[in-house]
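The values are calculated or read from the model by the stated rules, or taken from the named source; none is laboratory data. From a predicted model like this one, the values you see are computed outputs, not experimental measurements. Please note: Cβ atoms are built from the backbone with ideal geometry, for glycine as well, and neighbour counts cover all protein chains shown. Surface areas here come from the heavy atoms of the whole protein model, side chains and all, with no ligands, DNA or RNA. Shrake-Rupley method; radii C 1.70, N 1.55, O 1.52, S 1.80 Å.
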Amino acid sequence: MTTPEIHPEIAHLAWLLGTWAGEGAGEYPTIEDFRYSEHVTFAHVGKPFFAYNQKTKHEETGLPLHAEAGYLRPVGLDRVELLNVQPSGIMEIYEGTVDGTTLDLVAVQVATSATAKDVTEVTRRITVDPEGETLSYRMQMAAVGEPLQHHLAATLHKQQ
Ligand code: HEM
């Protein structure tokens, strides 16, 4: 199988590429706190975007929790767009900035299906450490009538 070269327009974010795994914790005023394990992959096919895939499991029961998938589209050297879809009926379009190995993302559109929970605002910060070994993120949302506030934080490690 041929492995394509990374597209030059996304090469400056190559530190995202690969599989990351680890643990996170979630909270929100309307739900019980929870802990989860997570797998994330960022892949490329030689075109100017990354394919993003995420799966989580409940830390105690081992049962699948949240999952999501999308495309990260670098725009020049210091901006990105992220299109993300969740099986809970939520679709997000983010715009964001790149500062070193940190992405700051703000959802400019959140669309919810007729039966999905109400989500109106989402922000995410994704950071990879300078050694390229640890990816951590934090996510905030305004949902189910609550103002924008913390929902998730996780720390993942690069898998070989
Ligand atoms: C690592 C990823 C995530 C995990 C593990 C996770 C986990 C959970 C869990 C366990 C709950 C409580 C039970 C339930 O309603 O299913 C919950 C609630 C919720 N989550 Fe997340 N979630 C994640 C990401 C997200 C994202 C990205 C969004 C929206 C953009 C989101 C929106 C919500 C909403 C709206 C609720 C319902 C709150 C309520 O009903 O009061 N979650 N999440």
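Considering Ala69, Ala142, Ala111, the condition of being within 13 Å of the ligand (Cβ to nearest atom) and under 14 Å from the mean Cα position of the chain (by Cα) is satisfied by Ala69 alone. Output yes when any residue across the range 124-136 is near the ligand (Cβ under 9 Å from one of its atoms) and either in contact with a helix residue (DSSP H, G or I) (Cβ under 7 Å, 6 or more places away or on another chain) or of a type in the set (Asp, Glu) (or both), and no when none is. Scanning the range 124-136, I find no residue that is near the ligand (Cβ under 9 Å from one of its atoms) and either in contact with a helix residue (DSSP H, G or I) (Cβ under 7 Å, 6 or more places away or on another chain) or of a type in the set (Asp, Glu) (or both), so the answer is no. Among the residues of the range 75-87, those identified as open to solvent by 40 Å² or more (accessible area, probe 1.4 Å) and within 15 Å of the chain's Cα centre (by Cα) are Glu81, Leu83, Val85, Pro87. Within the range 19-67, the residues that satisfy the criterion of being farther than 22 Å from Ile126 by Cα and either open to solvent by less than 30 Å² (accessible area, probe 1.4 Å) or part of a strand (DSSP E or B) (or both) are Ile31, Glu32, Gly46, Pro64. Does Asp99 satisfy the condition of being in contact with a Lys or Arg (Cβ under 6 Å, 6 or more places away or on another chain) and either farther than 16 Å from His12 by Cα or away from the ligand (no atom under 15 Å from the Cβ) (or both)? In short, no. Collect the residues in the range 56-101 that are of a type in the set (Asp, Glu) and touching a strand residue (DSSP E or B) at 6+ places or on another chain (Cβ under 8 Å), keeping them in residue-number order. Listed by number, the residues that qualify are Glu59, Glu60, Glu68, Asp78, Glu81, Glu92, Glu95. Take the conditions (1) near the ligand (Cβ under 10 Å from one of its atoms); (2) open to solvent by 70 Å² or more (accessible area, probe 1.4 Å); Glu9 misses just one of them, which is (1). Picking from residues in the range 145-160 that are under 20 Å from Asn53 (Cα atoms) and either assigned to a loop (DSSP other than H, G, I, E, B) or hydrophobic (A, V, I, L, M, F, W, C) (or both), the one that is farthest from the ligand (Cβ to nearest atom) is Gln160.
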